[in-house]
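Worksheet for the structure shown next.
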Amino acid sequence: MNITIEENKNPSQKPTGALGFGKIFTDHMFVMDYDPQNGWHDARIVPFGNISIHPASTVLHYGAEIFEGLKAYRREDGKVQMFRPMENVRRMNNSAERLCLPQIDENDALEILTAFVRHEQDWTPSEPGTTLYIRPFMFGNDETLGVHSVKKATFMIIASPAGSYYQNGFQPVKIMIEDTDVRAVRGGTGYAKCGGNYAASTRAGERAEQMGYSQVLWLDGVERKYIEEVGAMNVMFKIGDEIVTPKLTGSILPGITRKSCVELLKSEGYKVSERLLSIDELHDALVNNKLEEAWGCGTAAVVSPIGELNYKGVKYPINNGEIGKVTQHLYDRLTAIQWGKAEDTFGWTYQL
Ligand code: PLP
Ligand code: COI
């Protein structure tokens with residue numbers, strides 16, 4: 001791949017103090033354009049800044065947009081590594097296929113990602129729990145109002161030194177079970193990481209936040225009967241000695257953290273089931289004290305303990321609102337691999 005580089009002549013100071021999530025950006029961004037005649041072309045790393053798009057661009061009217069989220073981690077030896085980046089590349093292409101956006105050759109995409117993150121790697125913070133959050137995204141920018149599959153597109157990557165996604169870090173969060181709005185239906189775009197899924201989720205998320213809850217737990221879009229996932233993470237429950245996570249039915253995002261947690265737990269002998277879990281079964285487990293632990297998992301959220309579920313106005317504390325043993329263990333194991341503190345027997349980490 002030929003990637004041109006235009007260095008930023010006015011580099012910013014690296015941040016000190018609390019980083020928050022997704023508020024600070026590095027000095028450069030990656031941009032590449034697509035059209036049917038030239039395919040993907042003009043790959044470039046340029047100074048971070050505003051972009052200009054045509055007012056009729058497909059993304060502005062019909063939501064032709066997909067994105068990814070992954071992290072680079074600063075190891076104790078100072079080197080920087082990413083976590084399972086090829087998984088993000090593959091999921092991005094699956095999302096592109098669903099939204100009729102052009103796909104990018106897997107090896108080219110990984111090469112681009114690596115080149116960009118290597119260029120920006122000095123921005124990877126080293127305080128405990130901090131990372132360089134990487135956000136690849138693609139949008140359609142045909143300059144016409146006709147509704148068709150996208151002909152012209154742009155692929156970009158931006159990066160953000162980030163702290164914890166949740167304000168209080170690794171602490172139990174409160175989650176509201178949403179029984180009115182739905183996020184996705186089978187046959188729709190639930191399995192794709194597209195902006196529209198998040199736009200449609202915002203109303204319920206805002207309602208939950210106003211009531212003191214971090215996010216919502218979605219039920220399936222047809223019967224509102226089966227547990228799906230949380231706003232920005234997949235979900236797992238420890239019910240007796242079984243760890244249950246909703247199976248991938250097409251309406252749930254196939255999370256890379258979810259996949260890694262399942263693989264980790266299975267390798268340690270835990271009984272893990274990817275299956276349908278109805279709200280009735282979950283409710284029964286809640287009222288009969290069989291639900292021992294619950295947690296969310298995602299790139300931004302890492303492993304996030306759930307200390308309370310609210311269903312139809314009734315509050316159900318989980319594990320007395322404290323971090324459960326398996327949740328803590330999973331967080332410790334996963335983050336040790338991600339930051340290079342433990343041996344990576346799975347081959348998940350990718351050093352720059
Ligand atoms: N589900 C949703 C809706 C998400 O936004 C995310 C975050 O990316 C996840 C699940 C977890 O996916 P991953 O572990 O690949 O970050
Ligand atoms: C991620 O975990 O990378 C996500 O994309 C979640 C995001 C919506 C904040």
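The lone criterion from (1) part of a strand (DSSP E or B); (2) touching a residue at least 12 places away in the same chain (Cβ under 8 Å) left unmet by His41 is number (2). Of all residues in segment 148-161, those satisfying the criterion of being at pLDDT 95 or above and not basic (Lys, Arg) are Ala153, Thr154, Phe155, Met156, Ile157, Ile158, Ala159, Ser160, Pro161. Taken over segment 1-36, the criterion of being within 18 Å of Pro47 (Cβ to Cβ), of a type outside the set (Asp, Glu) and under 25 Å from the mean Cα position of the chain (by Cα) is satisfied by Lys14, Pro15, Ile24, Phe25, Thr26, His28, Met29, Phe30, Val31, Met32.
Residues that are open to solvent by less than 10 Å² (accessible area, probe 1.4 Å) and away from ligand 2 (no atom under 16 Å from the Cβ) within segment 222-239 comprise Ile227, Phe237, listed in sequence order. Checking Ala208, Ala204 one by one, the residue that is within 16 Å of ligand 1 (Cβ to nearest atom), within 28 Å of Thr130 (Cα to Cα) and not aromatic (Phe, Trp, Tyr) is Ala208 and no other.
Within the set Gly49, Gly69, Gly22, Gly63, the sole residue that is within 16 Å of ligand 2 (Cβ to nearest atom), farther than 30 Å from Asp344 by Cα and of a type in the set (Gly, Ala, Ser) turns out to be Gly63.
The set of residues in segment 120-151 being closer than 27 Å to Arg333 by Cα and within 16 Å of ligand 1 (Cβ to nearest atom) consists of Thr131, Leu132, Tyr133, Ile134, Arg135, Pro136.
Would you confirm whether or not segment 87-103 contains a residue that is farther than 29 Å from Gly187 by Cα, open to solvent by less than 10 Å² (accessible area, probe 1.4 Å) and either within 16 Å of ligand 1 (Cβ to nearest atom) or of a type in the set (A, V, I, L, M, F, W, C) (or both)? Looking through segment 87-103, none of the residues is farther than 29 Å from Gly187 by Cα, open to solvent by less than 10 Å² (accessible area, probe 1.4 Å) and either within 16 Å of ligand 1 (Cβ to nearest atom) or of a type in the set (A, V, I, L, M, F, W, C) (or both). Return a yes/no flag: does segment 83-95 have any residue that is over 23 Å from Ala336 (Cα atoms) and more than 16 Å from ligand 2 (Cβ to nearest atom). Taking every residue of segment 83-95 in turn, at least one turns out to be over 23 Å from Ala336 (Cα atoms) and more than 16 Å from ligand 2 (Cβ to nearest atom).
Residues that are touching a strand residue (DSSP E or B) at 6+ places or on another chain (Cβ under 7 Å) and farther than 23 Å from Leu282 by Cβ were ranked within segment 174-212; the one that is surrounded by the most Cβ atoms within 10 Å (Cβ to Cβ) is Lys193. Within segment 39-70, being buried (at least 22 other Cβ atoms within 10 Å of the Cβ), more than 15 Å from Ala109 (Cβ to Cβ) and among the charged types (D, E, K, R) holds for one residue alone: Glu65. Taken as a whole, the structure places His28 among residues that are buried (at least 18 other Cβ atoms within 10 Å of the Cβ) and within 17 Å of Phe155 (Cα to Cα).
The values are calculated or read from the model by the stated rules, or taken from the named source; none is laboratory data. Note that this is a predicted model, so its numbers are computed, not measured. Positions of Cβ are backbone-derived with ideal geometry, glycine not excepted, and every protein chain shown enters the neighbour counts. Side chains included, ligands, DNA and RNA excluded: accessible areas come from the protein's heavy atoms. Shrake-Rupley method; radii C 1.70, N 1.55, O 1.52, S 1.80 Å.
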